[in-house]
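Please read the structure below before turning to the comments.
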Amino acid sequence: MTAALAAPSPTGGAKTRINDFSIQVATVNGSGSQTANTVLLRAIFQMGVFVSGKNLFPSNIAGLPTWFTIRASAQGYVARKVSNEMLILMNPETAKEDIAKADPGALVIYDEPLQLDKLRSDLAYTPVPFQKLVTASCPEPKLHKLVKNMIYVGVAARLLGIDMEEVKKAIAKQLKGKAKAVELNQTACMAGYDWAMENLEDQDHIKVVRDNKTQGLIIIDGNEACALGALFAGVTVVGWYPITPASSLVETFIEYAEEYRKDPKTGKSTVAIVQMEDELASAGVVLSAGWAGARSMTSTAGPGISLMSEFIGLGYYVEAPGVFFNVARTGPSTGLPTRTQQSDVELCAKCSHGDTLHVNLYPGTMEECFQFSYDAFDLAEKFQTPIFVVTDLDLGMQNWASKPFAYPAKPYDRGKVLNQQQLADMKDWGRYKDVDGDGICYRSLPGTPGGKGAYLTRGSGHNAYAQYSEKPEDYLEVMGRLKRKYETAKAFVPGPVFRNQGSDKGVLAFGSSDPAVIEAQDVLLAQGLKTDYLRLRALPFTAEVDAYVKEKKVVYVVEQNRDGQMANLFRETYPEHATKFKSVLHYDGHAIDAKSIVDQITAFEQK
Amino acid sequence: MTTATPSAPVPAAPTNKLGFTKQDYVGSKSTLCAGCGHDAITAQIINAAFESSIEGHRVTKYSGIGCSSKTPAYFMNQGWGFNSVHGRMPSIATGASLANRTLINIGVSGDGDSMSIGMGQFVHAVRRNIPMIYIIEDNGVYGLTKGQFSATADKGSHLKSGAVNDFPPIDPCTLAIELGCGFVARCFSGNPKQLNAILKAAFAYQGTVVLDVISPCVTFNNHDASTRSYKHVKDHDFPLHDLGFIQYSEVEDVEIPAGQTEIVTFPDGSKVAIKAIHEGYEPTDRFGAMKAIHESMAKGEFLTGLLYINPTQPPLPEMLNLVDEPLATLGEDLLKPSPAELDKIMQALM
């Protein structure tokens with residue numbers, strides 16, 4: 001056996017990075033590496049260390065390269081970090097390129113036959129005979145490919161100083177207690193660990209040391225958090241169509257619905273879930289179910305929203321409720337389907353032809369994914385309109401540590417729905433009459449007995465009594481009221497979150513940019529630049545947003561798209577302040593990182 | 001001095017079992033062209049609903065875009081209606097019928113709305129057996145945009161302008177049978193008796209009813225060179241049978257003649273009595289029906305009547321094993337998991 005060694009790093013003598021490093025694992029898609037990587041992430045998390053994971057995967061089932069990055073951070077930073085202190089290279093296709101891109105001093109664990117150690121002299125190499133180890137530890141040759149990845153978990157655990165008991169626990173958790181699979185994987189992992197104990201010297205470059213930062217926290221992805229929000233919000237009709245990265249939202253919901261949405265008396269289902277023929281039909285189901293009184297939703301990504309646009313305009317104009325989750329990905333067109341972006345901001349803000357304005361929610365944390373999804377159903381029924389919950393692949397599909405979710409105790413707000421008695425008592429009811437002056441009218445549900453309240457919903461011009469009308473005054477009345485209704489929403493959508501350092505310079509961001517902005521703000525402060533950070537959480541802009549815009553001398557709008565779409569919305573909404581907004585952009589498909597933000601803001605400041 | 005002539009007492013309008021008069025089933029005034037076949041269909045929907053004592057408030061009417069799609073405004077004002085977007089009526093019916101499974105769903109579409117832009121939604125609604133009467137008011141042209149060919153226009157048929165259709169027609173009925181629809185019928189808007197019997201049977205049916213009604217467009221497709229003109233359709237209409245529909249509540253009181261009459265019984269006990277005119281046509285024989293329809297189409301004829309019937313297939317809410325009460329009105333107590341359940345979910349994620 002080759003005497004592999006973890007040589008002291010060429011940058012030797014540098015302080016050991018305790019609980020503060022990134023590991024990048026390069027594998028082949030479909031090789032089961034996701035399980036191994038999640039186990040490694042969980043094991044570090046169980047050691048009490050704040051950790052985040054990013055899976056950079058191809059649009060492919062098996063065979064193309066995939067990278068997984070794990071970041072441990074004692075300070076609690078969870079944004080993507082561009083530099084990596086450890087590389088685990090399992091993919092022959094990308095190994096040379098990965099080496100070329102490596103940061104000086106990185107520890108490189110690689111599959112021995114790849115013979116990478118001659119490529120650069122400023123890296124610390126650890127060749128591992130994976131094939132030999134897997135052959136010896138796994139009796140079933142057809143499982144070698146899958147189990148092989150578990151060996152690098154063992155090797156990494158040894159080098160990083162992770163307690164093997166935590167690794168074993170993480171395996172059991174990840175494989176949901178399937179006894180045979182758990183044993184097989186634990187054995188392989190142990191083989192890697194034992195081999196490393198015997199053959200590798202210890203290293204002092206990066207280490208995991210037990211801490212207490214993660215006690216009581218959960219690990220979850222945003223799609224699951226949104227699915228749980230919808231579950232607790234009592235969604236009753238789901239029409240959907242598969243699309244990356246949104247499918248797992250509904251798929252996870254289906255799993256939870258199996259357990260939590262059966263009538264205990266009859267065993268029958270209290271939710272209808274139908275995989276439709278396309279996104280158009282999904283939108284039709286959502287809006288008509290909402291119109292008929294159900295709490296309804298769909299989950300899709302940008303291409304799906306494009307297809308749903310006509311229906312969403314109908315929903316806006318006829319005032320039918322429904323919740324539309326957009327787990328955004330990199331566009332335009334098919335774009336990069338497995339990469340993240342925030343490039344559907346303007347699409348969702350004004351989805352459909354004609355004049356339309358939609359309420360959008362931008363969760364930025366896992367707790368908000370849960371809570372905003374819950375709230376979206378109230379807002380949809382309260383405002384009788386399509387509501388967008390806009391996340392992205394980074395929030396939706398990556399693993400995040402989070403506080404456990406608080407129980408949403410607030411009772412459902414089913415909005416202004418008239419029952420049989422109320423309809424009978426009401427004089428001169430009109431479906432689109434603004435009785436309360438808030439732009440929100442009273443509706444009736446199909447099937448209500450008593451002979452009152454029936455009306456014909458139409459996407460064509462209508463008056464306050466839902467009658468067909470092409471009269472300019474009727475059209476203006478409806479469109480004016482819809483605008484008023486949107487204004488009313490300002491008081492009911494979640495307001496912004498501030499992180500102020502006492503400055504007249506603003507940083508404004510939303511959604512998944514949050515962790516990178518927080519980190520960037522700290523770096524900028526250390527460099528002497530104070531900023532006040534506003535994290536936007538909804539459209540329309542609330543009064544607090546108005547005040548912030550007026551008060552700041554400059555507002556750096558951080559977003560993950562090319563055209564500065566959110567900045568455009570701000571310039572349009574606050575034309576008198578238009579020159580204040582400076583775009584800080586990151587849109588290459590990777591999640592945004594702190595350094596990109598720091599560099600761009602610093603460049604603006606030096607101008 | 002004139003004396004008032006005593007007026008004759010106005011006879012009370014007849015009422016149905018629910019105590020409603022026919023007037024209770026009407027809608028707003030039609031704005032379609034005078035003589036439009038669609039208005040004849042509307043009249044029979046009103047008659048059939050009245051005669052079947054349909055509860056008006058449970059009726060929900062759906063449509064897409066086009067002349068046909070305007071008609072839900074013209075019948076049953078007691079029911080709710082949803083005039084949606086072009087070709088998407090089926091998904092509207094799907095969502096609402098899932099939200100409230102007690103609704104009686106009527107979708108009205110046209111040949112353009114269903115066989116071109118809405119083909120995808122048509123086939124999938126049929127596949128899923130949405131509980132609805134899906135009426136296609138079929139005239140072979142786009143009326144509302146002034147007379148372009150639709151996908152049901154016969155190959156070689158002419159527009160008023162002289163343009164000739166080069167493409168073969170799509171037949172909604174054989175397509176529906178192919179897709180597994182359990183109630184497929186074709187009627188001619190000029191044969192109210194047949195349409196009335198079929199609509200009454202359709203009201204009693206649980207799943208998707210596909211009802212293709214040849215309904216000539218008097219403005220754009222009623223000329224001599226059209227295969228969808230009144231005259232042409234009347235001359236080529238071959239009714240398959242005399243139909244009688246007996247609602248479940250009346251089954252005891254009605255004597256069904258023995259002999260040539262075939263009886264099809266619905267799950268609720270209602271019966272359709274089918275007395276054959278066209279020798280050898282068997283509406284419960286799926287493949288036989290397809291063959292006969294194709295043969296008649298090749299001869300340029302319209303076989304009308306109950307083309308195929310199989311009343312045993314479960315509709316979508318049943319396939320999804322939904323609770324009996326409307327999902328729309330389920331309470332928070334049944335929908336929202338408890339704090340203990342959230343805690344259990346959170347524990348599993350730690």
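The values are calculated or read from the model by the stated rules, or taken from the named source; none is laboratory data. Source: prediction; values computed, not measured. Ideal geometry is used to build each Cβ from the backbone, glycine not excepted, and the neighbour counts take in all protein chains shown. For accessibility, only protein heavy atoms count, side chains too; no ligands or nucleic acids. Shrake-Rupley method; radii C 1.70, N 1.55, O 1.52, S 1.80 Å.
The table that follows gives values for the structure above.
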{"quantity": "Average beta carbon contacts from partner chains per residue of A:308-315, 10 Å cutoff", "calculated": "2"}
{"quantity": "Burial order of peptide ranges A:419-432, A:370-383 (average beta-carbon count within 10 Å, highest first)", "calculated": "A:370-383, A:419-432"}
{"quantity": "R0 of 45 Å, Cβ-Cβ distance residue A:550-residue A:435: FRET efficiency to nearest 0.05", "calculated": "0.85"}
{"quantity": "Cβ-based net charge around residue A:555, under 11 Å, with every Lys or Arg adding one and every Asp or Glu removing one", "calculated": "+4"}
{"quantity": "Stokes-Einstein D in µm²/s, Kirkwood radius over Cα pairs - region A:417-489 at 25 °C with 0.890 mPa s viscosity", "calculated": "190"}
{"quantity": "Inter-site label distance for residue A:136 and residue A:529 at 7 Å from Cα along Cβ, in nm", "calculated": "5.4"}
{"quantity": "For region A:196-249: span of alpha carbons on each principal axis (Å, largest first)", "calculated": "58, 27, 18"}
{"quantity": "Efficiency of FRET between residue A:473 and residue B:55 - r from beta-carbon atoms, R0 35 angstrom, step 0.05", "calculated": "0.40"}
{"quantity": "10 Å-binned pair-distance histogram of region B:26-329 (Cα, whole percent)", "calculated": "6, 30, 38, 21, 5, 0"}
{"quantity": "Anchor residue A:145: aspartates and glutamates whose Cα lies under 19 Å away (excluding residues fewer than 8 positions away in-chain)", "calculated": "A:93, A:111, A:112, A:183"}
{"quantity": "Three-way shape label, region A:17-215, alpha-carbon gyration tensor, a/c 1.5", "calculated": "rounded"}
{"quantity": "Karplus (6.51, -1.76, 1.60) ³J(HN,Hα), θ = phi - 60°, over region B:67-75, in Hz, Gly and Pro reported as x", "calculated": "4, 4, 6, 7, 5, x, 6, 9, 9"}
{"quantity": "Carbon + sulfur, % of accessible area of region A:497-606 - ligands and nucleic acids excluded, 1.4 Å", "calculated": "51"}
{"quantity": "Where region A:397-545 is the region considered: accessible area per residue in Å², 1.4 Å probe", "calculated": "43"}
{"quantity": "Added length on full extension, which subtracts the Cα-Cα distance from 0.36 nm per residue, residue A:144 to residue A:427", "calculated": "94.4 nm"}
{"quantity": "Within chain A, helix-based [θ] at 222 nm, where runs of 4 or more DSSP H residues each add -39,500 (n - 2.57), nearest 500", "calculated": "-11500 deg cm²/dmol"}
{"quantity": "Sites residue B:310 and residue B:164, calculated FRET efficiency, Cβ-Cβ separation with R0 35 Å, nearest 0.05", "calculated": "0.35"}
{"quantity": "Net +/- balance of residues flanking residue B:163 in space, Cβ distance below 14 Å, scoring K and R +1, D and E -1", "calculated": "+1"}
{"quantity": "Highest-fluctuation residue, B:132, B:319, B:89 considered, GNM on chain B with Cα pairs under 10 Å", "calculated": "B:319"}
{"quantity": "Cβ neighbours within 10 Å from other chains - mean over A:291-302", "calculated": "4"}
{"quantity": "Solvent accessible area, Å² - residue A:487, 1.4 Å probe, full protein context", "calculated": "90"}
{"quantity": "Over chain A: Rg over Rh, Cα atoms, Kirkwood Rh", "calculated": "1.03"}
{"quantity": "Accessible area per residue in Å² at 1.4 Å probe, computed on region A:17-215", "calculated": "41"}
{"quantity": "Subset of A:180/B:336; B:70/B:231; A:485/B:336; B:22/B:160; A:483/A:530; B:234/B:291 violating a 32 Å alpha-carbon distance limit", "calculated": "A:180/B:336; B:22/B:160; A:483/A:530"}
{"quantity": "Relative contact order of region B:26-329, pairs being alpha-carbon contacts under 8 Å that are 6 or more residues apart, as %", "calculated": "18"}
{"quantity": "For region B:195-281: Kirkwood Rh in Å [reciprocal of mean 1/r, alpha carbons]", "calculated": "15.1"}
{"quantity": "Gain on full stretching of the segment that runs from residue A:64 to residue A:605 - 0.36 nm per residue minus C-alpha separation", "calculated": "190.6 nm"}
{"quantity": "Entries of A:382/A:552; A:96/A:148; A:54/A:96; A:96/A:207; A:553/A:595; A:265/A:427 with Cα pairs more than 29 Å apart", "calculated": "A:382/A:552; A:265/A:427"}
{"quantity": "Inter-centroid distance (Cα atoms) of region B:176-235 relative to region A:570-584, Å", "calculated": "59"}
{"quantity": "Per residue, in Å², the accessible surface of chain B once ligands and nucleic acids are set aside, probe 1.4 Å", "calculated": "41"}
{"quantity": "Additional length obtainable on full extension of the chain from residue B:21 to residue B:279, 0.36 nm per residue less Cα span", "calculated": "89.0 nm"}
{"quantity": "Chain pair A, B: total accessible area buried, heavy atoms, 1.4 Å probe, Å²", "calculated": "5100"}
{"quantity": "Sequence-separation-based contact order of chain A, relative, with Cα cut under 8 Å and 6+ spacing, percent", "calculated": "12"}
{"quantity": "Convex hull projection area averaged over all views, region A:220-402, Cα basis, nm²", "calculated": "9.5"}
{"quantity": "Summed side-chain charge close to residue A:248 - residues other than residue A:248 whose Cβ falls under 9 Å, Lys, Arg +1, Asp, Glu -1", "calculated": "-3"}
{"quantity": "Sum of -39500 (n - 2.57) over DSSP H runs of 4+, divided by residues of chain B (222 nm, nearest 500)", "calculated": "-8500 deg cm²/dmol"}
